[in-house]
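Structure first, commentary second.
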Protein chains: 2
Amino acid sequence: MLTYSFTDIGSDSLYHHLYQCIKKDILSGGLPAGTKLPSKRSFAKNLGVSNITVENAYAQLQAEGYIYSIPKKGFYVREISDLIPPARTRREGLSEQDIPQKRYVADFVSNRIHPEQFPFSVWSKLIRETLLNRHEELLEAPPWGGILELRRAISNHLKEFRNMEVSAEQIIIGAGTEYLYGLLIQLLGRDKIYAVENPGYHKIAQIYGSNDVKHCFIPVDKNGMDVRELEESGCHVAHISPAHHFPTGAVTPIGKRYELLGWATRDRGRYIIEDDYDSEFRLAGKPIPTLQGIDRSERVIYMNTFTKTLASTIRISYMALPYHLLEEFETRLSFYSCTVSNFEQYALARFIEDGYFEKHINRMRTHYRRIRDELMAGIRKSPLASCCKIMEEDAGLHFLLHVDTEISDEELLQRAERAGIRLSSLAEYYCNPISDIQEHTFVINYSGLSVQKIPEVVNMLIKCILC
Amino acid sequence: MLTYSFTDIGSDSLYHHLYQCIKKDILSGGLPAGTKLPSKRSFAKNLGVSNITVENAYAQLQAEGYIYSIPKKGFYVREISDLIPPARTRREGLSEQDIPQKRYVADFVSNRIHPEQFPFSVWSKLIRETLLNRHEELLEAPPWGGILELRRAISNHLKEFRNMEVSAEQIIIGAGTEYLYGLLIQLLGRDKIYAVENPGYHKIAQIYGSNDVKHCFIPVDKNGMDVRELEESGCHVAHISPAHHFPTGAVTPIGKRYELLGWATRDRGRYIIEDDYDSEFRLAGKPIPTLQGIDRSERVIYMNTFTKTLASTIRISYMALPYHLLEEFETRLSFYSCTVSNFEQYALARFIEDGYFEKHINRMRTHYRRIRDELMAGIRKSPLASCCKIMEEDAGLHFLLHVDTEISDEELLQRAERAGIRLSSLAEYYCNPISDIQEHTFVINYSGLSVQKIPEVVNMLIKCILC
């Protein structure tokens, strides 16, 4: 019978020592595949240890796949090459996500706000006061929809700035719109087909895909989503951004909005998810009423986020549900806890109620308008003027730059990347091959640009495009 | 032809005024069902307005279901009773979620921490310093796994206090474990069958159900999940809490842990979700190594949360993925943004690194032990001693109280409710009928109790049970 010494095992436990001895013998070939191990009882007696010591050692060996058991017969050594699954070795260094991102001279892809733009002192003050004065409330689990004060503040804000009649109870707070999309799939149903915009924001389709939910890409033009294609697609839920389509910047006109509502009311179970992000930054023209505001049939779910208007520092989004969906949510999904920490909710409520949010939006709008105007002026005064056309510049935060060139999009993007400019082409946002994709059109998200850099950036663009 | 006046319409738009006039006539019966409306062009001419005004009015009426169109023929008034769907009226008052919760004399169901227990001053200081010193970092989008500093702090904490080898990059931060469960379903697959504990925490099964994912209830006894039933169930993923089973308080012994790992390695695609919540509050005995710590085959996903150990004020949880799953996550799911605000992540990182978290845990453990000991002593010195048995008192935060009585569970729970005591029975946590459910056993979660109230609460329990 196998024998191992239990002297000098230091602080190691008996079972672990035994486990290691046997494992070593298996790996060295001393115990070849198929060998029957001694019964627990006789092995324990022989080694002078308790049954449980042998039992635990065998259990660990079995758990790690070194031995297997045949009921009523005993334990046998496994063929080592059979060991499943091969454990990966630790990867060298950090994963890509944790390596600081490349610093571009200009990043026309990411939304970014500069520290001097964020109201740190006000935000700190509100957080401090919340932590000082709200001890009791901070430790209570919030309602599933979120802290009532915040939902009231949002309701008032929507009334005042978007002319929307949404009661506080209709509002559900969540940690980002991506999380809320996931809840909506659970609410509206995984059997529904979801219509997403083409071109569009890739993440929306990724989220439906990742949740194994059927989705169709419906063409979007200057007037928003194509309602005839939507009707023919058999989709049940249209996920759209009528106030500010990304990346084309198109604003869905009022007539088309009614057509979309008409589509939604024509059959039971049809809904529109109205993603109103960035609508606050519309730089020209009168704000257009939301679909939610003109919906009389409870077909529209309104969504917006503070992550874009404030900063990624504040991870708070919300949706407003029609009453019959709210009841359904309460019945089926209210077991989910609210995903935003109480104290952030209280601080944001104060931020909105005390008028800071409005001030911030106004300041940012002025700031973005200035960057946009100077960048457009820079381009128009430069040699680029003869070969570039700027489009959809009023939607806020980005415009389209069409270049009259024979250089391929790919080559132009590579040149920009080498020069330190992060750029994306309109074509990248199309999902299915569509015949009339506009080539040579680039999405210029200028939110992260500083005014000082504009001359340098325009010069770099000239080199990329004209050389 | 229809005629409406456009004088005195105030600030109303032309199309909206026209829409309201026609709608009024439809509702009053002036325009009965089936009436053909004038063509847009002739109606516009007749009214002296533009075609687009009539078009928008018709579009809104159509959107709201008052009229319908027959292609190439025109618009017709719909039968009003056909209008779909009937919009709900606004509900009276607030939804139930927003009505302040009933205050119990003692709430033995909810986790709650009292303001004097939460380290408000330290937390405020850390938040303040973060907001003061981290402007640049706070405005950058965090890596998808979360802020690296926090993940490093957690990795060190797990090494020091749970003897676990988890690298920072393996850790993924999320706004609550419920959110992370949703991500895991997307990672491991909706085609998998998930094993949940019976009895157990209802929410786990609700989340799988709400995501349309198959799940089985596998019996759990004093030694944790039944491995034979697990094997026979055909499940692929076992969702368990070996350190502290809720509500029985059972701790899965080491031998059984290896059996569970053995189950996981026996077939490809099997995983264990190890939910380690509350393990920090174990009140007696040596901490038992985690399954993750003894797993050599990358089969265990470890999860824990700060929402329970700190407060619902802080909505931060995390999971540690084995490397091969981390790679898969990066490929398929890293498009999701991290759901926790940057500044909370930085503050929590400091809270852990500077030793405050350890101090807090130790203080809370002492606090909970004192409440538990005094409550148990109060019961044992009272007339309840002769008919009550306390079980599983070491797991922390709750124990089981078995009552030798002929009163039904339901009647006892009602008596408690009337007396102002919120109580739950062990039987409530079973999902499928199981033959040997222990009746007359109650789950006493004492985390929200104050020491001062114990004599009063014991007296109330006496009245409920003995009268």
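The values are calculated or read from the model by the stated rules, or taken from the named source; none is laboratory data. From a predicted model like this one, the values you see are computed outputs, not experimental measurements. So basically every Cβ, Gly included, is an ideal-geometry build from the backbone, and we count neighbours across all protein chains shown. Surface accessibility is based on the protein's heavy atoms, side chains included, excluding ligands, DNA and RNA. Shrake-Rupley method; radii C 1.70, N 1.55, O 1.52, S 1.80 Å.
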Of the residues that make up the range A:341-361, is at least one of a type in the set (Phe, Trp, Tyr), under 24 Å from A:Glu140 (Cβ atoms) and open to solvent by 10 Å² or more (accessible area, probe 1.4 Å)? yes
Those residues of the range B:440-467 that are closer than 17 Å to B:Cys388 by Cβ and in contact with a His (Cβ under 9 Å, 6 or more places away or on another chain) come to a total of 7
Considering only residues that are at the interface with chain B (Cβ under 9 Å from one of its Cβ atoms) and in a loop (DSSP other than H, G, I, E, B), look in the range A:45-84 and name the one that is modelled with the lowest pLDDT. A:Ile84
Return the residues of the range B:400-432 that are of a type in the set (Val, Ile, Thr) and either in a strand (DSSP E or B) or out of contact with any Leu (no Cβ under 9 Å at 6 or more places or on another chain) (or both); say none if nothing qualifies. B:Val403, B:Ile407, B:Ile421
Just give me the residues in the range A:192-224 being farther than 24 Å from B:Thr331 by Cβ and either touching a His at 6+ places or on another chain (Cβ under 8 Å) or at the interface with chain B (Cβ under 9 Å from one of its Cβ atoms) (or both), in sequence order. A:Lys192, A:Ile193, A:Ala195, A:Glu197, A:Val220, A:Gly224
Within the range B:49-73, the count of residues that are within 15 Å of B:His17 (Cα to Cα) and not aliphatic (A, V, I, L, M) comes to 7
Tell me, yes or no, whether the range A:208-229 has at least one residue that is at pLDDT below 95, open to solvent by less than 10 Å² (accessible area, probe 1.4 Å) and hydroxyl-bearing (Ser, Thr, Tyr). no
Whether any residue in the range A:17-31 is β-branched (Val, Ile, Thr), part of a helix (DSSP H, G or I) and either in contact (Cβ under 8 Å) with a residue 60 or more places away in the chain or within 29 Å of B:Arg268 (Cα to Cα) (or both) is what I want to check. yes
Residue that is farther than 12 Å from A:Val196 by Cα, crowded, with 21+ Cβ neighbours inside 10 Å and at pLDDT 90 or above, where the choices are A:Ser317, A:Ser241: A:Ser317
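To keep it simple, each residue is scored yes or no on (1) within 49 Å of the chain's Cα centre (by Cα); (2) surrounded by 14 or more Cβ atoms within 10 Å (Cβ to Cβ).
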site: B:Gly34; (1), (2): no, no
site: B:Leu37; (1), (2): no, yes
site: B:Ala44; (1), (2): no, yes
site: B:Leu47; (1), (2): no, yes
site: B:Tyr66; (1), (2): yes, yes
site: B:Lys72; (1), (2): no, no
Pull up the range A:141-173, narrow it to residues that are open to solvent by 50 Å² or more (accessible area, probe 1.4 Å) and at the interface with chain B (Cβ under 10 Å from one of its Cβ atoms), then point me to the one that is farthest from the chain's Cα centre (by Cα). A:Glu165
Kindly evaluate A:Met303 against the criterion of being among the aliphatic types (A, V, I, L, M) and closer than 18 Å to A:Ala264 by Cα. yes
Filtering the range A:140-168 down to residues that are closer than 15 Å to A:Ser337 by Cβ and of a type in the set (Phe, Trp, Tyr) yields A:Trp144
Matching residues, the range B:394-409, being of a type outside the set (Gly, Ala, Ser) and either more than 26 Å from the chain's Cα centre (by Cα) or surrounded by fewer than 17 Cβ atoms within 10 Å (Cβ to Cβ) (or both): B:Asp394, B:Leu401, B:His402, B:Val403, B:Asp404, B:Thr405, B:Glu406, B:Ile407, B:Asp409
If we take the range A:274-391, then helices (runs of 4 or more DSSP H) inside it with 2 or more residues that are more than 13 Å from chain B (Cβ to nearest Cβ) and among the polar types (S, T, N, Q) are A:356-381
